[in-house]
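Data first, discussion second: the structure below is written as structure tokens.
The values are calculated or read from the model by the stated rules, or taken from the named source; none is laboratory data. Computed from a predicted model, the values in this text were never measured in an experiment. Quick reminder, even Gly has a Cβ in these numbers, built from the backbone with ideal geometry, and neighbours come from all protein chains shown. All accessible areas refer to the heavy atoms of the entire protein, side chains included, with ligands and DNA or RNA removed. Shrake-Rupley method; radii C 1.70, N 1.55, O 1.52, S 1.80 Å.
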Amino acid sequence: ELQTHWDRVAAAIETEGLAEKIGGFEFLFLIAADWFASRAWRHTVWEAGIGGRLDPTRLIRAENVALTSLDLEHTELLGTTLLEIGLEKIDAAPPGANLYAGVWSSERVELARRCALVGVRYVSCPPVYPEFLPLFGRHQNQNASLAMHIAMSLTGLEGEILEPRFAQTRWPGRLELIEREPLVVIDVGHTPAGVRTALDGFQEMRAARRGVLVCGVSRDKKAAELIAILAPAFDVIICASAAHKGAPAAEIAALANAANPTAELTIAESVADARRLALAKAKSAETAIYVAGSLFLAVEFKALHVGRDPASLAFF
């Protein structure tokens, strides 16, 4: 099926003479659009990758748009304040659409005002904290609450009826528990707010356990800021560089040392070496391993953990 729609999209791009203008994300978006259209689904769900105004998902003209949270990412394109980024995201909602937003920041007042100006209905969704959700971290409960509000609106069903569906939710990479003894948790967050929020969730998960941090940051991310958030929470820190886009482990170690000079610090030769070292330090059930700072680090660590050769991973 992928090959069929890949070929159709490639042929259309060639016919229209747009080969030099369509990037990888746009290409995959068109494949998804063609796949959905061929099946005439009643509902489809899309995620905007970069804001709203600049993202191809804007072409869908969605009737319902969810604004989960705001963070300072892609600032060179979206703006340097949370409000500027929020206004960019609102542009994913066409006139007449519903914009569902959690109750999470002071920017919501200005965002609601902009919605009123452009003919978008702003729907505030207070958290309901569904205890049945098999995900960790307060932020994931908040996101689930937002999803619950939208689901109830779309289906007309009560929350009690939807709960069994939500109880089946799985979210790989987001505070994902990949081993219980010792406790091993990975998180793919790579922005300051995302890393800070996930760390709060991990602290709840580890409880009184001693923590071992395996950390790394991609070359194009805010390494100093991310490590400054993570390092002070751990007495044992292992620094590693993901094979894909990883910043040098020695650079990460220098940042970790600056953020937490008293921590036991190790520079791993690879993610595989970092995993071996972490497991060696977590011989008892009283230790929890946390892998964080980079999407690619977390993915490579998990691949190794389930016995997959990380060299087989293919990234864009």
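Here the convex hull built on the C-alpha positions of the range 154-298 has a volume of 124 cubic angstrom per residue.
Of the solvent-accessible surface of the range 71-189, computed with a 1.4 Å probe and all protein chains present, 53% belongs to carbon and sulfur. Each Lys or Arg adds one and each Asp or Glu subtracts one; over the other residues with Cβ under 12 Å from the Cβ of LEU82, this totals -4.
Within the range 173-248, the ratio Rg/Rh, alpha carbon atoms throughout and Rh by Kirkwood, equals 0.94.
Note on the chain: GNM, Cα springs under 10 Å; of THR287, THR169, THR15, the largest mean-square fluctuation is that of THR15. Would you please classify the overall shape of the range 28-81 from the alpha carbon gyration tensor, given that a ≥ b ≥ c denote the square roots of the eigenvalues, rounded means a/c under 1.5, and beyond that prolate means a/b larger than b/c while oblate covers the rest? Judged from the Cα gyration tensor, the range 28-81 comes out prolate (a/c at least 1.5, a/b above b/c). Between the alpha-carbon centres of the range 71-102 and the range 33-66 there is a gap of 16 Å.
As a ratio to 2.2 N^0.38 Å, the alpha-carbon radius of gyration computed for the chain takes the value 1.09.
With a cut-off of 16 Å on the backbone N, the residues of the range 249-277 near the modelled label site 7 Å out from ASP309 along Cα-Cβ are 272. Near the amide H of GLU179, within less than 5 Å, lie the amide hydrogens of VAL184, all on another chain or at least 5 residues away, with H placed in the peptide plane. Which of rounded, prolate, oblate describes the range 55-185, given a ≥ b ≥ c as roots of the alpha-carbon gyration tensor eigenvalues and a/c under 1.5 marking rounded, otherwise prolate only if a/b is larger than b/c? Oblate is the answer for the range 55-185, as a/c is 1.5 or above yet b/c matches or exceeds a/b.
Tell me, what is the percent relative contact order of the chain, built from C-alpha pairs under 8 Å that lie six or more residues apart? So the answer I get is 13 percent. Would you mind telling me the share, in percent, of accessible area of the range 192-316 contributed by carbon and sulfur at probe 1.4 angstrom? Taking all protein chains in place, the range 192-316 shows 53 percent carbon and sulfur surface.
Taking a sphere under 12 Å around the Cβ of GLU300 and counting the other residues whose Cβ falls inside, with K and R at +1 and D and E at -1, yields a net charge of +2.
Taking θ as phi - 60° and the Karplus parameters 6.51, -1.76 and 1.60, the scalar couplings of the range 85-100 work out to 5, x, 5, 5, 5, 4, 5, 6, 9, x, x, x, 7, 9, 10, 8 Hz in sequence order, x denoting glycine and proline. If R0 equals 22 Å, the separation of the Cβ atoms of ASP220 and ALA10 corresponds to a calculated FRET efficiency of about 0.20. Could you tell me whether the range 230-296 comes out rounded, prolate or oblate from its Cα gyration tensor? Rule is a ≥ b ≥ c as square roots of the eigenvalues, rounded for a/c under 1.5, then prolate if a/b exceeds b/c, otherwise oblate. It comes out oblate by the Cα gyration axes. Compared with the alpha-carbon gap, the fully stretched path from PHE27 to GLU76 is longer by 15.4 nm at 0.36 nm per residue.
Considering helices alone, the calculated mean residue ellipticity of the chain at 222 nm is -13500 deg cm²/dmol, with DSSP H runs of length four and up weighted by -39500 (n - 2.57) and normalised per residue. Averaged over its residues, the range 205-316 has an accessible area of 45 Å² per residue, based on protein heavy atoms and a 1.4 Å probe.
Basic side chains Lys and Arg get +1 at the Cβ, acidic Asp and Glu get -1 at the Cβ, and with that the dipole of the range 145-233 about its Cα centre reaches some 380 debye.
Can you list residues from other chains, or at least 5 along the same chain, whose modelled amide H is less than 5 Å from the amide H of LYS245? Here the answer is none, since no amide H 5 or more places off falls under 5 Å of that of LYS245.
In this simple spin-label model, placing a label point 7 Å from the Cα along the Cα-to-Cβ direction at both ALA116 and THR169 gives a separation of 3.0 nm. When you restrict to C-alpha pairs under 8 Å that are six or more residues apart and normalise by the size of the range 7-113, the relative contact order lands at 24 percent.
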